[in-house]
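The values are calculated or read from the model by the stated rules, or taken from the named source; none is laboratory data. Because the structure is predicted, anything quoted here is derived from the model rather than measured. Please note: Cβ atoms are built from the backbone with ideal geometry, for glycine as well, and neighbour counts cover all protein chains shown. Surface areas here come from the heavy atoms of the whole protein model, side chains and all, with no ligands, DNA or RNA. Shrake-Rupley method; radii C 1.70, N 1.55, O 1.52, S 1.80 Å.
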Amino acid sequence: LLPEADGQIGAGKGEDLYGHGTAVAGIIWRLAPKAEIGSFRVLGSSLSARTAQVSVAARRCISLGYRILNCSFACGISGHLPLYKEWVDHALLSGVHVVAASGSPEVSEWPAHLSSVLGVDCALTKQGGLRYLPGRMVEFAAPAAELRVAWKNGGHRVMTGSSFAAAWLSG
């Protein structure tokens, strides 16, 4: 599903314009080869999204029975917190786990900094596994430095980032 000009979500063609979604799915499949993965692209051609579009996509995933929502995005605008909290709370009450990338553990970002979300930071290492970091808003870190990831059109890239750490936890 893709964002449309009027802020709604419409059906897409199942293509990855950038490669990021392919990389995330590839990491999840590497760790959980039997996983069934769906895709909701909420970023438009300018690589930005509206909080309302994220909310609609998340609620749609929940209604379709998804059990884990892997969120490779963050919003630090304090006025948007209620919109994120609304669908994250709905996920919690529906038995759905939300895993979210955190771009900065020190700066409040949604959804990663909500208490029911499994927030994940990028461990700048190529080794080790998932680390639990008690007493922090972002309680997990996963190795996501210089990873060789699948990319669009059958390619590969070497990437670093919290999006890939979140995929590691989701897998």
Heavy-atom accessible surface of the chain: percent carbon and sulfur, 1.4 Å: 54
Heavy atoms of R60: accessible area, 1.4 Å probe, square angstrom to 10: 110
Simple label model, 7 Å out from Cα along Cβ direction - E106 to N153, nm: 4.0
By accessible area with a 1.4 Å probe, ligands and nucleic acids excluded, highest first: order of W168, W110: W168, W110
Residues listed by number, the stretch 64-101, amide nitrogen under 16 Å from L130 label point at 7 Å toward C-beta: 67-72, 96-101
Average accessible surface area per residue within the stretch 97-171, 1.4 Å rolling probe, Å²: 50
C-alpha center-to-center spacing [the stretch 55-104, the stretch 109-171] in angstrom: 16
DSSP bridge pairs, the chain: antiparallel proportion in percent, nearest 5: 45
